[in-house]
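The structure appears right after this line, and notes come after that.
The values are calculated or read from the model by the stated rules, or taken from the named source; none is laboratory data. Remember, predicted model here, so these are calculated numbers, not experimental data. Note: ideal-geometry Cβ built from the backbone for every residue, glycine included; neighbour counts use all protein chains shown. In case anyone asks, the SASA skips ligands and DNA or RNA and just uses the protein heavy atoms, side chains included. Shrake-Rupley method; radii C 1.70, N 1.55, O 1.52, S 1.80 Å.
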Amino acid sequence: MAGEPQDDCLFCKIVAGTIPATIVRETDTTVAFRDINPQAPTHVLVIPKAHHRDAAALAAAAPELAADVLRETQAVADQEKLESYRIVFNTGSGAGQTVWHAHAHVLGGRGLEWPPG
């Protein structure tokens, strides 16, 4: 069920505190932590505490929670002193989503030209 913790979800386990993560911010509805495989000098994931499969499911089921996630990306960027940064939501395996819990990547600290690569 959307919103309920999933036993097999890595990010639900981070929210529950059963898997360690380097937490940089936490609110009542979100957790932000450093990516274990950073793609930029600053690479922080911002996740809703409630489980939603991907960004599209989050936006459809809980738009206020999606807004919380986006607000927290700005708070992370401010805390990390990022003048510019990229926010990435990968939705679906073809787009690179590997953890099936909605999450925003906050990337910064180097030039991030488009397209990436």
Requested in this report: Using only Cα atoms, locate the centre of the range 1-44 and the centre of the range 51-89, then give the distance between them in Å, rounded to an integer.
Outcome: 13 Å
**Report entry** Cα-centre dipole for the chain with unit charges at Cβ (Lys and Arg positive, Asp and Glu negative), debye to 20
**Finding:** 240 debye
Query - Charge dipole of the chain about the Cα centre (unit charges at C-beta), most positive-ward option of Pro38, Val24, Cys12 - result: Pro38
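Rounded to a whole number of µm²/s, how large is the Stokes-Einstein D of the range 58-116 at 4 °C and 1.567 mPa s, given Rh as the Kirkwood radius over C-alpha pairs? Display every interim value, and only then the final one.
Values: Rh = 12.7 Å.
Answer from the Stokes-Einstein relation: 102 µm²/s.
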**Report entry** Solvent exposure of the chain as accessible area per residue, Å², 1.4 Å probe
**Finding:** 57 Å²
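Computed from the mean reciprocal separation of all distinct C-alpha pairs, what Kirkwood hydrodynamic radius does the chain have, in Å? Let's see the in-between values first.
Details: mean 1/r = 0.0699 Å⁻¹.
With all distinct Cα pairs of the chain included, I get 14.3 Å.
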Query raised in the report: Once both axes come from the Cα atoms, what is the angle between helix 63-79 and the longest principal axis of the chain, in degrees from 0 to 90, rounded to 10?
Result: 40 degrees
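Compute and list, largest first, the equivalent-ellipsoid semi-axes of the range 1-59 from the alpha carbon gyration tensor, each √(5λ) rounded to a whole angstrom. Before the final figure, lay out the partial values.
Working: eigenvalues 74, 35, 24 Å².
One finds semi-axes of 19, 13, 11 Å for the range 1-59.
Carbon and sulfur together cover what percent of the accessible area of the chain at a 1.4 Å probe radius? All intermediate terms of the calculation are to be shown ahead of the outcome.
Working: 3510 of 6650 Å².
Within the chain, the accessible surface is 53 percent carbon and sulfur.
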**Report entry** Convex hull projection area averaged over all views, the range 29-78, Cα basis, nm²
**Finding:** 3.6 nm²
